[in-house]
Amino acid sequence: MPRRIGGRKKRTGSRDMKVNLKKLGKLAHRHDYVLLMMRHAKATSIGPDGDAHRELTDKGERQAKAVSRALASMDLIPERIACSSAVRSVQTLERMLKTFGDTPKVDYRQNLYDHGAAAVFAELRETKGKVRVLMVLGHEPTVSMACQRMANQDDPQYDELNLGLSPASVVILGSQQPFDQWREHSAQLIDIFGPEQL
């Protein structure tokens with residue numbers, strides 16, 4: 001029997017069910033502060049210029065567009081975005097900003113490519129209390145590892161983070177506390193979804 005988690009019916013360990021965006025948006029808006037942790041969209045294989053210069057594929061561009069529209073439909077357009085400076089992350093964000101418009105303040109960070117989960121926590125500490133929706137756009141395994149450190153271990157989907165995230169997947173975390181006060185395992189894991197569920 002499916003169990004309902006984060007606005008969709010879900011079988012344990014499965015990410016193939018459609019997400020109910022209306023319900024998910026309501027769940028997210030119960031929190032004063034919402035963090036969107038996202039892996040970049042699908043990119044090409046490593047070429048002669050190295051990993052940091054990998055570009056989005058056509059599928060990756062479609063994924064970024066679909067996810068940005070889903071977030072906008074839930075009224076979860078970020079006020080601030082911290083984005084890895086790797087080409088595939090920058091291109092993912094460029095595609096999403098076509099939906100988000102000029103609202104988000106964007107910071108491109110080399111450390112989100114180089115320094116793992118510590119860089120994510122540094123972004124939280126630097127985010128002012130007036131920012132209610134923050135996005136961090138980066139890479140695996142950093143995104144899922146950082147989410148494991150932030151999320152409450154009792155949340156039903158917590159163990160799914162062990163599976164890693166497919167391209168353009170988003171983890172939504174929420175709290176009543178400003179981002180600079182988040183500590184390990186203090187946020188609620190609201191949902192995990194990817195473009196294949198939209």
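The values are calculated or read from the model by the stated rules, or taken from the named source; none is laboratory data. None of these values were measured; they are calculated from a predicted model. Don't worry about glycine lacking a Cβ; one is built from the backbone with ideal geometry, like all the others, and counts go over all protein chains shown.
Of Thr103, Thr99, all but one fail to be part of a helix (DSSP H, G or I) and among the polar types (S, T, N, Q); the exception is Thr99.
Step by step: first the residues of segment 116-129, then only those that are farther than 18 Å from Tyr33 by Cα, among the aliphatic types (A, V, I, L, M) and surrounded by fewer than 20 Cβ atoms within 10 Å (Cβ to Cβ), then the one that is farthest from the chain's Cα centre (by Cα). Which residue is that?
Quick first cut of segment 116-129, residues farther than 18 Å from Tyr33 by Cα only: 116-119.
Within this subset, residues satisfying the condition of being among the aliphatic types (A, V, I, L, M) are 117-119.
Cutting the leftovers down to surrounded by fewer than 20 Cβ atoms within 10 Å (Cβ to Cβ) gives us 117-118.
On the way: Ala117: 13, Ala118: 16 Å.
The residue in question is Ala118.
Here Phe179 passes the criteria (1) surrounded by 18 or more Cβ atoms within 10 Å (Cβ to Cβ); (2) under 23 Å from Thr92 (Cα atoms) except the one numbered (2). Would you be able to say whether some residue in segment 104-115 is more than 15 Å from the chain's Cα centre (by Cα), farther than 25 Å from Leu161 by Cα, at pLDDT below 95 and not acidic (Asp, Glu)? Within segment 104-115, none of the residues are more than 15 Å from the chain's Cα centre (by Cα), farther than 25 Å from Leu161 by Cα, at pLDDT below 95 and not acidic (Asp, Glu). Close contacts from segment 153-166, counting a first residue that is touching a residue at least 60 places away in the same chain (Cβ under 8 Å) and a second that is charged (D, E, K, R) and assigned to a loop (DSSP other than H, G, I, E, B), with Cβ to Cβ under 9 Å and a gap of 6+ residues or different chains, come to Glu160/Arg15; Leu163/Arg15; Leu165/Glu140; Ser166/Arg15; Ser166/Lys42; Ser166/Glu140.
Restricted to segment 135-166, and to residues that are among the acidic types (Asp, Glu) and exposed (fewer than 15 other Cβ atoms within 10 Å of the Cβ), which residue is farthest from the chain's Cα centre (by Cα)?
As a first pass, look at segment 135-166 and keep what is among the acidic types (Asp, Glu): 140, 154-155, 159-160.
Adding the requirement that they be exposed (fewer than 15 other Cβ atoms within 10 Å of the Cβ) leaves 140, 154, 159.
On the way: Glu140: 11, Asp154: 20, Asp159: 17 Å.
The qualifying residue farthest from the chain's Cα centre (by Cα) is Asp154.
I'm trying to understand the selection: among the residues of segment 176-195, which are touching an Asp or Glu at 6+ places or on another chain (Cβ under 7 Å), not in a loop (DSSP other than H, G, I, E, B) and not aliphatic (A, V, I, L, M)? Reasoning before the result, please.
Of the residues in segment 176-195, the ones touching an Asp or Glu at 6+ places or on another chain (Cβ under 7 Å) are 176, 188-189, 192.
With the extra rule that they be not in a loop (DSSP other than H, G, I, E, B), the set shrinks to 188-189, 192.
Within segment 176-195, just Gln188 meets the criteria.
When restricted to residues that are at pLDDT below 95, assigned to a helix (DSSP H, G or I) and more than 12 Å from Val87 (Cα to Cα), segment 33-67 contains 0.
Considering Arg80, Arg69, Arg88, Arg132, the condition of being closer than 28 Å to Lys23 by Cα, surrounded by 21 or more Cβ atoms within 10 Å (Cβ to Cβ) and not β-branched (Val, Ile, Thr) is satisfied by Arg80 alone.
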